[in-house]
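The values are calculated or read from the model by the stated rules, or taken from the named source; none is laboratory data. Computed from a prediction, not measured in an experiment: that's the story for all the values here. Backbone-built Cβ (ideal geometry, glycine too); neighbour counts: all protein chains shown.
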Amino acid sequence: MTRYTPSEIEARWQTAWEQSQIFKAVRSASKPKYYVLEMFPYPSGRIHMGHVRNYTMGDVIARYKLAKGFNVLHPMGWDSFGLAAENAAMQKGIHPGEWTYQNIEDMKAQMKPLGFSLDWSREIATCHPDYYQHQQAMFIDMIEAGLIYRKNAIVNWDPVDMTVLANEQVEQGRGWRSGALVERRELTQWFFKISDYSDELLSALDTLENWPAKVRLMQENWIGKSRGLQFAFSTVNAPDGHDRIEVYTTRPDTLLGASFVGISPDHPIAKLLERDNAEIAAFTAECRKGGTTEEAIETAEKLGFDTGIRVRHPFDTSQELPVYIANFILMDYGTGAIFGCPAHDQRDFEFATKYGLPIIATYLPSEDASDELTEAYVPPKTEKVFYNRGFAGEQWQTGLEGIDTAIEFCEAQGVGQGVTKFRLRDWGLSRQRYWGCPIPVVHCDDCGVVPEKKENLPVKLPEDVTFDIPGNPLDRHTEWRTTPCPSCGKSALRETDTMDTFVDSSWYYARFTAPHADTPTVMEDAEYWMNVDQYIGGVEHAILHLLYARFFARAMHITGHLPESAIEPFDALFTQGMVTHAIYKSTKPVTMGDTELTFGNTDVTFEMTNRPIFHYPEEVILKGDKAFLKEGGEEVEIIPSAKMSKSKNNVVDPLNIISDFGADTARWFVLSDSPPERDVEWTASGAEAGYKHLGRVWNISDRIAAMDENAAGTGDDDLLRQMHKAIHDVTMAIESFGFNAAIAKLYAFTAILQKSKASKAAQRKAVMTLAQLMSPMTPHLAEDIWAMQGGEGLIATAPWPVADEAMMKDDTVTLPIQVNGKRRGEIDVPADMPKDEVEKLALAHEAVIRILDGGTPKKVIVVPGRIVNVVV
RNA sequence: GCGGGCGUGAUGGAAUGGUAGACAUACCAGACUUAAAAUCUGUUGGGGUGUAGCCCCGUGUGGGUUCGAGUCCCACCGCCCGCACCA
């Protein structure tokens, strides 16, 4: 007797697909195109279940669209520049390039057995000069188009290693290697003028109907359009040249509640003062400690320093407000200075309480409410409030009205003007690192900053570098750095900063349309293949990557590399959840040897009485809802649904799953248990269940194939009705990304088919349809069943089955009957029975009669085909 | 701190505002077997009761809208993600 053997089946069909070249995308006028793209991976060296889930979802769409008759483009590549390669270089003494290319080989070998319908002839790697030379060419175009400029910006500086740190390399305000307290430093860096497109990127969000609402909302908030008042306080005793302090506020209606002015530690006045005042210098130095992330700044303790400078209130020049340097004010947003209104901002409230500043309410919830506040009063802007210190508009008005009338009033009085500002900052792309795309410019003593000539591209990374000293090896590579100035020909120095890896991933989708062209894109190909019809990736990219890609597509259009129709490159977006796994944890008392554990060089020592031990899933045996060690039998704690992480030993390797159960099972399971947008917990029992089910389907097909050709049976109509329902339900589910629901339907239909006593002809039709419906998820098994039943050609290219509405209809329906919304019974009625007859039948139901108890119902609601509700 | 999301049996989850718990796991019971595995079948939200029946409660908590709310609105609690140099 034969049985389901995935290893044999999967190898066979992968070879068949490869030989037939059915996944190779070729431009064709005769078919509509469909471009499906999953966010390309960083080549870390191993694929993980998250990749499997991401690419399986994309593959389901790609294979489904192929069966629907589309000309499908489904490419794959590598986001292969980045920090991890340099870390590997430092730890293992291996060149980042060698490490990266080896990882690409390894990961490709791990992906192949999963049977994705990818066009590998279009493979790209962003770290290859074939890719990044075009990025350099576009960079030069964008400089010329005025989309790129240089300015000073702040970075994390490790004073011991003398190097710039990424945010990720800062742990609790210290450098991860040196353990030194991180400082902020200013460097001249390159920027994309993304902020010029704030309004455009914001308003175009409305056109992205097939993006998740939450992603659009997050981008909207990130861009952060606000209308406010910009005005100046005149200073009383400020240093020369600073007789005004410009501030921006989104709440000009609270101007009479101002009790102080706050300036950023990086504000020009603060910088001026710190030169001559040691106390202020010490304070601003303190403010500059710690990481540069917004989170670090916002959660740090609020600190202020009274500069002694006073400003006059614009409406009452006799009133003077103190000017504080405050650590929570960002130089990047607004003017780097604010007025503090403690009554209506919790942060200002805490600041005022700490430094003994007045708290002056300007509006209150009611006319008789006390203006002695114990916390900031911050109602929604749409709520009507009583302005006890209003100066424009009505006494009772909403915050929004208050703001508008305040701006109008101030403009009329000549106190500032209404302005629209955005939270979005320009995109700093300079990285002081080796493993990235070199910025193709040259610094010449005579000509200044000069873009490299296009004919000199690519500016290739030098290979002979070492990572034994912290910092960027390009800085130390004199031979590479020294180059003739493209303008005057004199000896000059190359830029040693490389580009943010977000640049690489901001246009790869466009490169896939012409991956081997000697220009960044080819207009004909871009016009045919763009846009990406379905983009799939993690929600963690909801803001930065997607916003940058949207900007870059516009920049590429301006510089002639994309058609205007492609400025929103992703027509539909789907954000999928993570794959998680339980953690098995036990604790061991700490022994003499390890009472002092040192983390990095941070000089932090821990005294612990118990140490957590994380066990691999293979070391654990599950009994019911408890887990025990295989060796020793000790019970261990189960922590459910944690992100897979090496340090927690809860990573499941897809390769093991493939060798145990086959790729189809891995693909089936990652889709089956949770909705795609939510996290899915990997469980061994779930994977096994999938494997058993696939075996069951194979056995059913085997049994049907062995039936006598003319075997008659009973229930053909019923089986075919269920088949058409399954086609309908599964198709709808795939269209709406309800893969888990699709799989539930497939389970149900399989159970029906298994029990069916229908004729061979009907059963054969049913199992072939089942295989087609399963083919996007489990393509190898589907091909095998198709072949077993004598199907023509490959199932991958067979037309998708169509549900016949007429054959799906049931003759009778069961309607639940509710009384006052509670279910009290049900009736079977013909599907097309008119409402009034259904109502009569419902009122004649014994449960209804009993509850009515002779009375008459107030109302009867009949929802045809759904429900009857009797209101009494 | 700010922004976004999620919360349903023992577990993962299903449910165009219309029978809450589809489908799967786990557990339990049964068939087959010397036995185990595999396979197949069936039960399983909680409580009450006059136990083939009927009733009450039940979707994080508290309110609201509706003939009808897991679904919509408000407040709260908990968890997860992002915060511009990780990708």
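Just a few scattered comments:
- Hits in the range A:408-429 (condition: of a type outside the set (Asp, Glu) and out of contact with any helix residue (DSSP H, G or I) (no Cβ under 7 Å at 6 or more places or on another chain)): A:Phe409, A:Ala412, A:Gln413, A:Gly414, A:Val415, A:Val419, A:Thr420, A:Lys421, A:Gly428
- Positions within the range A:428-464 being hydroxyl-bearing (Ser, Thr, Tyr) and away from RNA strand B (no atom under 15 Å from the Cβ), in sequence order: none
- Scanning the range A:57-95 for residues that are of a type in the set (D, E, K, R), touching a residue at least 24 places away in the same chain (Cβ under 8 Å) and under 14 Å from A:Asp468 (Cα atoms) gives a single hit, A:Glu86.
- Output for the range A:809-830, where each listed residue is of a type in the set (D, E, K, R) and away from RNA strand B (no atom under 12 Å from the Cβ): A:Lys809, A:Asp811
- Near pairs, Cβ below 6 angstrom, 6+ apart or cross-chain, from the range A:318-339 (within 19 Å of A:Lys271 (Cβ to Cβ)) to any residue that is basic (Lys, Arg) and within 13 Å of RNA strand B (Cβ to nearest atom): A:Phe328/A:Lys302; A:Asp332/A:Arg425
- Filter result (surrounded by 20 or more Cβ atoms within 10 Å (Cβ to Cβ) and within 13 Å of RNA strand B (Cβ to nearest atom)) within the range A:87-103: A:Ala88, A:Pro96, A:Thr100, A:Asn103
- Residue in the range A:261-281 that is in contact with an Asp or Glu (Cβ under 6 Å, 6 or more places away or on another chain) and assigned to a helix (DSSP H, G or I) present: yes
- Residue within the range A:834-849 that is among the aliphatic types (A, V, I, L, M) and under 28 Å from A:Ile727 (Cα atoms) present: no
- Neighbours by Cβ (under 7 Å, 6+ apart or cross-chain): first from the range A:818-847, in contact (Cβ under 8 Å) with a residue 40 or more places away in the chain and closer than 15 Å to A:Val872 by Cα; second part of a strand (DSSP E or B) and within 11 Å of RNA strand B (Cβ to nearest atom): A:Gln818/A:Arg824; A:Gln818/A:Ile867; A:Gln818/A:Val868; A:Gln818/A:Asn869; A:Gln818/A:Val870; A:Val819/A:Val870; A:Asn820/A:Val871; A:Gly821/A:Asn869
- In the range A:669-683, the residues that are at pLDDT 85 or above, buried (at least 18 other Cβ atoms within 10 Å of the Cβ) and either among the polar types (S, T, N, Q) or within 7 Å of RNA strand B (Cβ to nearest atom) (or both): A:Ser672
- In the range A:165-188, residue surrounded by the most Cβ atoms within 10 Å (Cβ to Cβ) [restricted to those that are more than 10 Å from RNA strand B (Cβ to nearest atom) and among the β-branched types (Val, Ile, Thr)]: A:Val182
- In the range A:655-668, the residues that are touching a Phe, Trp or Tyr at 6+ places or on another chain (Cβ under 6 Å) and buried (at least 24 other Cβ atoms within 10 Å of the Cβ): A:Thr665
- If you go through the range A:756-784 and keep only what is part of a loop (DSSP other than H, G, I, E, B) and of a type in the set (A, V, I, L, M, F, W, C), you end up with A:Ala758, A:Met777.
- Of all residues in the range A:420-479 being of a type in the set (Lys, Arg) and closer than 30 Å to A:Thr249 by Cα, the one that is surrounded by the fewest Cβ atoms within 10 Å (Cβ to Cβ): A:Arg425
- Residue check for A:Ala806: more than 16 Å from RNA strand B (Cβ to nearest atom) and buried (at least 18 other Cβ atoms within 10 Å of the Cβ): no
- Qualifying residue in the range A:757-772 (condition: closer than 25 Å to A:Ala712 by Cβ, touching a Ser or Thr at 6+ places or on another chain (Cβ under 6 Å) and charged (D, E, K, R)): yes
- On the stretch given as the range A:684-714, residues that are without any contact (Cβ under 8 Å) to a residue 24 or more places away in the chain and either of a type in the set (S, T, N, Q) or buried (at least 16 other Cβ atoms within 10 Å of the Cβ) (or both) total 2.
- Looking only at the range A:143-163, and only at residues there that are at pLDDT 95 or above and surrounded by 21 or more Cβ atoms within 10 Å (Cβ to Cβ), the one that is farthest from RNA strand B (Cβ to nearest atom): A:Leu147
- Taken together, A:Gln763, A:Gln818 contain a single residue that is of a type in the set (S, T, N, Q), modelled with pLDDT under 95 and over 30 Å from A:Lys65 (Cβ atoms), which is A:Gln818.
- Residues that are in a helix (DSSP H, G or I), at pLDDT 90 or above, more than 30 Å from A:Phe551 (Cα to Cα) and in contact with an Asp or Glu (Cβ under 6 Å, 6 or more places away or on another chain) are absent from the range A:234-256.
- The range A:715-755, subset touching a residue at least 24 places away in the same chain (Cβ under 8 Å) and not in a helix (DSSP H, G or I), residue nearest to RNA strand B (Cβ to nearest atom): A:Gly738
- Residue list for the range A:534-549, filter: among the small types (Gly, Ala, Ser), surrounded by 21 or more Cβ atoms within 10 Å (Cβ to Cβ) and either part of a strand (DSSP E or B) or more than 9 Å from RNA strand B (Cβ to nearest atom) (or both): A:Gly537, A:Ala549
- Residue in the range A:730-746 that is over 24 Å from A:Tyr55 (Cα atoms) and in contact with an Asp or Glu (Cβ under 9 Å, 6 or more places away or on another chain) present: no
Conditions tested, residue by residue: (1) farther than 21 Å from A:His516 by Cβ; (2) touching a residue at least 60 places away in the same chain (Cβ under 8 Å).
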residue	(1), (2)
A:Ser117	no, yes
A:Gln133	no, yes
A:Ile143	yes, yes
A:Val155	yes, yes
A:Pro159	yes, no
A:Val164	yes, yes
A:Glu171	yes, yes
A:Gly175	yes, no
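- Condition check for A:Thr293: farther than 18 Å from A:Ile359 by Cβ and of a type in the set (S, T, N, Q): yes
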